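The values are calculated or read from the model by the stated rules, or taken from the named source; none is laboratory data. Computed from a prediction, not measured in an experiment: that's the story for all the values here. Backbone-built Cβ (ideal geometry, glycine too); neighbour counts: all protein chains shown. Ligands, DNA and RNA are stripped out before the accessible areas are found, and what is left, the full protein with its side chains, is counted by its heavy atoms. Shrake-Rupley method; radii C 1.70, N 1.55, O 1.52, S 1.80 Å.
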Amino acid sequence: MNTPTKPKIGFISLGCPKNQVDTEVMLHALIDAGYEITAEDVEADVIIVNTCAFIDDAKKESIDNILDVAWLKKNRQLKGIIVCGCLSERYREQIFTELPEVDALVGVGSIHDIVEAVESVWSGKRGYASFGDITKMDLGGDRVVTTPSYTAYLKIAEGCDNRCTYCAIPYIRGRFRSRPMEDVLAEAKDLCRLGAKELVVVAQDTSRYGEDLYGEYKLAELLRRLSAETDAVWLRVLYCYPDKITDELIDEIADDPKVCKYIDIPVQHISDRVLRRMNRHGDSGLVRSVFRRLRERVPGIAIRSTAIVGFPGETEEDFEQLCEFVKEVRFRHFGAFPYSREEGTPAYDLPDQIDEQVKQDRYDAIMGIQYDIVAERLEKMKGATVTVLCEGYDPVSGHFYGRSEFDAPEIDGRIFFTSKRKLIEGEFVRVRITDSLDYDPVGEEEE
Ligand code: SF4
């Protein structure tokens, strides 16, 4: 049987939306170079795994995926495995020895070398490794959008300068770097031309946008220009940092009808003692004032946040403070993470590491609090009417489903609703909420 000149490529994309954008840039480069991409791993000749490695669970998921495709290499036609993303960056010294099935490595600063990596593997070589300096890498690039056409992630910066003591990301993704505003705007216009109605603005720290390039925070201005110069209907901001939420940004969220009344601000904790040990900028007073200013200026705003439980040295009293804070703020969406001890981070060497069972107990306790808050909110939603971006139809329940401006894609809930019409994905529908199911509101299209 003749060996095809070009291998069929399989692609597994793991981790956060920022990594997903990297996947989309690599997909475009491969297709542009004439490669066929297959969604069926069993048909692939070469599989690329774009990995995540910021905490243990993510590393485990990445390694499990690599081992899954390694089985195909032993038992099916697969000829090569290429690992890119944060796992390859963080463990570049270990992967070839500890995962001998892997043929090539591409670092987070070398996504534009993916075609070269495929050519090397397809020529039968093993050991190709490209680890470019991410601070010099072009953060743009044409993409093959992998989200549904009506929504797209817009990565506005890379890296992080906040240096939280538990976090490995600055050591993987490097210093904070904003993309030039004109580049971001040009990409946004392209995404809207391709059908995007919702642009989800992402970075490790979106609220720091512009500080390095323009000497001041420019997220508010960027949102204003995205609103004025693109056909986006919804502009959504994820991954903000509490101490960079300016009045200008809050005004832009409040006054611009295209900007979702939604903001994601991971707080990580509220005990000043723990915040200091995490090297979080800003104390509990600052965090509370941010939420107060947001709620006063943007009534009904949906606030998403996350916290770490079981950070080294977290006492019962610290944890109680966090629980009271969650009850007080009543986040629209809240998630918690049991602390993951990451080698190479300052917190790894902190004394008073917390027992895994205690971490799990605290996780269960605080998510129990949030569950009750959500249940109360769902009760209050009955009778309200919201605009929903229709995302599809569930034949089992006979309901359409979608999201309101208060729900981000993939991480927040859905709204299930009935309609007498034949709706299309990406259509905006007015839905009257009549009931709820677990974490999700249920309703019917308003006549
Ligand atoms: S803000 Fe903190 S947690 Fe987030 S990426 Fe930066 S260092 Fe990591």
How much of the accessible area of the chain, probe 1.4 Å, is carbon plus sulfur, in whole percent? 51 percent
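Give the accessible surface of region 24-108 per residue, rounded to a whole number of Å², with probe radius 1.4 Å and ligands, DNA and RNA excluded. Don't skip to the end; give the middle numbers.
Values: 3570 Å² over 85 residues.
Computed with neighbouring chains in place, this is 42 Å² per residue.
Let me have the relative contact order for the chain, percent, based on Cα pairs under 8 Å that are six or more residues apart.
Working: 878 pairs, mean separation 42.5, N = 447.
Averaging sequence separation for qualifying contacts and normalising by length gives 10 percent for the chain.
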Could you go through region 73-83 in sequence order and give the Karplus-derived ³J(HN,Hα) for each residue, using 6.51 cos²θ - 1.76 cosθ + 1.60 with θ = phi - 60°, rounded to whole Hz, and x for Gly and Pro? 5, 6, 10, 10, 8, 4, 9, x, 10, 10, 10
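Just the number: Rg to Rh for region 8-130, Cα atoms, Kirkwood Rh, two decimals. If you can, show how the numbers build up before the last one.
Working: Rg = 12.7 Å, Rh = 13.9 Å.
Here the Rg-to-Rh quotient is 0.92.
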Ordered by number, the GluC sites (Glu not before Pro) in region 29-95 that occupy a DSSP loop and have at most 14 other Cβ atoms within 10 Å are 40, 93
Working from the pairwise distances between different alpha carbons, so that the mean of 1/r is found and then inverted, what is region 151-380's Kirkwood radius in Å? 18.6 Å
Equivalent ellipsoid semi-axes for region 120-265, as square roots of 5 times the alpha carbon gyration tensor eigenvalues: give them largest first, rounded to whole Å. 28, 21, 13
Spatially proximal lysines relative to residue 125 (Cα-Cα < 25 Å; intrachain offsets below 8 disregarded): 6, 8, 73, 74, 79
Cross-link candidates for residue 258: which aspartates and glutamates have Cα within less than 13 Å, leaving aside residues fewer than 8 places away along the same chain? 198, 229, 231, 405
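Do the sum for the chain: with -39,500 (n - 2.57) for every DSSP H run of n ≥ 4, divided by all residues, what is the mean residue ellipticity at 222 nm, to the nearest 500 deg cm²/dmol?
Details: 14 runs with 156 residues, N = 447.
Counting only the DSSP helices, I get -10500 deg cm²/dmol.
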Before anything else, pin down the relative contact order of region 151-380: Cα pairs under 8 Å, at least 6 apart, normalised by residue count, whole percent. 17 percent
For region 358-420, state which trypsin sites (Lys or Arg not before Pro) are in a DSSP loop and have at most 10 other beta carbons lying within 10 Å of their beta carbon. 420
Of 222, 437, 275, the most mobile residue in a GNM of the chain (C-alpha springs, cutoff 10 Å) is 437
So for region 151-380, taking the charge dipole from beta-carbon charges (+1 Lys/Arg, -1 Asp/Glu), which of 210, 321, 196 sits furthest toward the positive end? 196
Distant-in-sequence amide H partners of residue 210 (H built 1.01 Å from N, under 5 Å): 178, 218
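Per residue, how large is the accessible surface of region 151-380? Use a 1.4 angstrom probe and give square angstrom.
Details: 8790 Å² over 230 residues.
For region 151-380, the solvent-accessible area averages 38 Å² per residue.
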In sequence order, calculated HN-Hα J values of region 48-61 (Karplus, 6.51, -1.76, 1.60; Hz; x Gly/Pro): 9, 10, 8, 9, 10, 8, 7, 9, 3, 4, 5, 5, 4, 4
In a Gaussian network model of the chain with springs linking alpha carbons closer than 10 Å, the residue among 427, 391, 317 that fluctuates most is 317
Here the cysteines of the chain lacking a cysteine partner under 4.7 Å (Cβ to Cβ) are 16, 52, 84, 86, 160, 192, 240, 260, 323, 390
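Pairs of Cα atoms under 8 Å, at least six residues apart: use those to get the relative contact order of region 290-396, whole percent. Walk me through the numbers on the way to the answer.
Details: 83 pairs, mean separation 32.9, N = 107.
Rounded, it is 31 percent for region 290-396.
Take the Cα pairs of the chain, get the Kirkwood Rh, then feed it into Stokes-Einstein at 10 °C and 1.306 mPa s and tell me D in µm²/s. Don't skip to the answer; put the middle values down first.
Working: Rh = 23.3 Å.
Reported coefficient: 68 µm²/s.
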